[in-house]
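Notes follow the structure.
The values are calculated or read from the model by the stated rules, or taken from the named source; none is laboratory data. Model, not experiment: these values are computed from the prediction. With ligands, DNA and RNA removed, areas are computed over all heavy atoms of the protein, side chains included. Shrake-Rupley method; radii C 1.70, N 1.55, O 1.52, S 1.80 Å.
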Amino acid sequence: MRQDTALYTAYTALFRFLFAAAMSGLAMSGIAKPVSAQMVHVITVADIHSDLSDFVEGDVWRFSEVMTDGLGENRINRVYMSENNTPQNILNTLHHLENVGANDAVVFYYTGHGAWDKQKGLYYSITSPADAAPNFQPEPERNGIMKNTNLQTRHLLKSDVVEAIQKHRPRLTVVISDCCSSHGQYIPSEAMATEGAGAERIK
C-alpha cells in the first residue's frame, strides 16, 4: 500500500509538471483561446498478456486516476489498448486519432516490457495473441480439439510512436515509457513469429 501511495504521488507530481509546462508554452505562444478549450488525447497501452499482467493493470489504473484528477474527465479523450495491441494496431490507432486540434495535447502511455537497441533506441516488447497479427493461420485441430492460441512477442520502436503522433501536429506530445531500457536487439514486428510469451524476456 505504501509503495502504491508513493507511485501515485510520483505520477501526480510528474503530470502537474507536464501540465504546467504545456500551459506555459501556450501562454508564450500568445494563444488567445481559453485553456479549458484544450483536449488531451490519452492513449494507454498495457502489456496484459505478458508475465507483467498484474502489475500493468495497476499501472493503467493509477495513470488514469492521475489524468482525471489533474485535468477533469471532460477534457480527456481516452483510447485504451490491451487485447489486440500489436505494433501495427497501435500505430494504426495513432495514425487515425480523430479531432486532434492544433492546441491539443497527445499523451501516449505504455506499460510493459521494453529494451534498448544501440542503433534503433528504445522499443517496446509487446506480447499479444497470434491471431491479432495479419495473415494469421490458426493451428489445425488435434484429436478434435482446437489448439490454444499461441502468444507472440513483437517489437515497436518508441520513435515510430512519436512520429505517428506528431503527424497530427498537436501543441504538446508526451510519450511515457513505463518499461525497462536494458540492452536488447530490435526485430521488426513483421519478422516476429516467435511462439510463447516468454520468447523475448528482455526485461
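One chain, two ends: ILE176 and PHE55. Fully extended at 0.36 nm per residue, the span grows by 41.9 nm beyond their Cα-Cα distance. Scalar couplings 3J(HN,Hα) for segment 83-92, obtained by applying the Karplus form with A = 6.51, B = -1.76, C = 1.60 to θ = phi - 60°, are 6, 9, 8, 6, x, 5, 5, 5, 5, 4 Hz; x denotes Gly and Pro.
Between ASN150 and THR68, the contour length at 0.36 nm per residue exceeds the Cα-Cα span by 25.9 nm.
The order of VAL56, VAL175 by accessible area, most exposed first and with a 1.4 Å probe, is VAL175, VAL56.
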